[in-house]
Amino acid sequence: MAGLLVEPVARLIEAFARLPGIGPKTAQRLTYHLLRAADTEARSLAAALVDVRDKVVFCERCFNISDAPLCAICLDGGRDVRRLCIVEEPLDVLAIERTAEFRGLYHVLHGAISPIDGIGPDRLKIRELLARVDTAHAEGSPFEEVILATNPTLEGEATAMYLDERLDGHVGAVTRIARGIPVGGDLEYADEVTLIRALQGRRALGDRSR
């Protein structure tokens, strides 16, 4: 098959296929879409890729994506500096920000602990997190609450448990985001961890004492 393709096309298909969530068929469709697309569309995509590599960095404090040493959230004087939300990836910051419910600061781990994949605490931004917590404590303004917002997966749970142990005694409180069956979800499709957490977090429907 590879011998039937001209070299630039084969290279682009291989490049797309290396991206997460994109299989060989999708890689081929994307490549042939760009071949048929207007010249401006393909060049705009290429320019955007170059700009991401050249102009986007990780915030030196929270490790969210940024175009400056400190991201917009860390520079925002209106944020609640007493609360810190820990997430796995920068996309998780965007998801939480869309709710407009949290006005504190963030720390992005860039992954989760996964021994089976050879990912230990040293591969994540945990050392930087602990240093950040210690600095805040030494300056007399420790975090009143650290919210563990890692994903409700086995890896996310393992990461949350590890961080809970490491943060104990260094912050006011360590909390975990609630987990359970999503609205519109079916029990038969829920994984075991989700069902366990949903049962553990059950609550009364209303006050029947009246």
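The values are calculated or read from the model by the stated rules, or taken from the named source; none is laboratory data. Keep in mind it's a predicted model, so treat the numbers as computed, not measured. Cβ sites come from the backbone with ideal geometry, for glycine too, and all protein chains shown count toward neighbours. Areas reflect the complete protein model, heavy atoms only, side chains present, ligands, DNA and RNA absent. Shrake-Rupley method; radii C 1.70, N 1.55, O 1.52, S 1.80 Å.
Looking only at the stretch 182-194, residues that are over 28 Å from Gly118 (Cβ atoms) and either open to solvent by 60 Å² or more (accessible area, probe 1.4 Å) or among the charged types (D, E, K, R) (or both) come to 7 in all. Looking only at the stretch 62-73, count how many residues are open to solvent by 60 Å² or more (accessible area, probe 1.4 Å) and of a type in the set (A, V, I, L, M). Qualifying residue count for the region: 2. Among the residues of the stretch 87-95, is there at least one that is over 12 Å from the mean Cα position of the chain (by Cα) and charged (D, E, K, R)? Checking the stretch 87-95: not a single residue is over 12 Å from the mean Cα position of the chain (by Cα) and charged (D, E, K, R).
Each row is one residue, and each column tells you yes or no for (1) part of a helix (DSSP H, G or I); (2) basic (Lys, Arg).
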| position | (1), (2) |
| --- | --- |
| Leu35 | yes, no |
| Thr40 | yes, no |
| Arg43 | yes, yes |
| Arg53 | yes, yes |
| Ala68 | no, no |
| Gly78 | no, no |
| Arg83 | no, yes |
| Leu91 | yes, no |
| Leu94 | yes, no |
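Among the residues of the stretch 166-181, those identified as part of a loop (DSSP other than H, G, I, E, B), at pLDDT 90 or above and open to solvent by 60 Å² or more (accessible area, probe 1.4 Å) are Asp168, His170, Gly172. Looking at Asp39, Asp51, Asp76, Asp80, just one residue is open to solvent by less than 50 Å² (accessible area, probe 1.4 Å), over 26 Å from Glu155 (Cβ atoms) and charged (D, E, K, R), and that residue is Asp80. Considering the stretch 129-165, and only residues there that are part of a strand (DSSP E or B) and either open to solvent by 70 Å² or more (accessible area, probe 1.4 Å) or out of contact with any Cys (no Cβ under 7 Å at 6 or more places or on another chain) (or both), the residue that is nearest to Arg82 (Cα to Cα) turns out to be Glu145. Taking first residues from the stretch 83-103 that are more than 17 Å from Val146 (Cβ to Cβ) and partners that are open to solvent by 40 Å² or more (accessible area, probe 1.4 Å), the Cβ contacts under 6 Å between residues at least 6 apart in sequence or on separate chains come to Pro90/Ile65.
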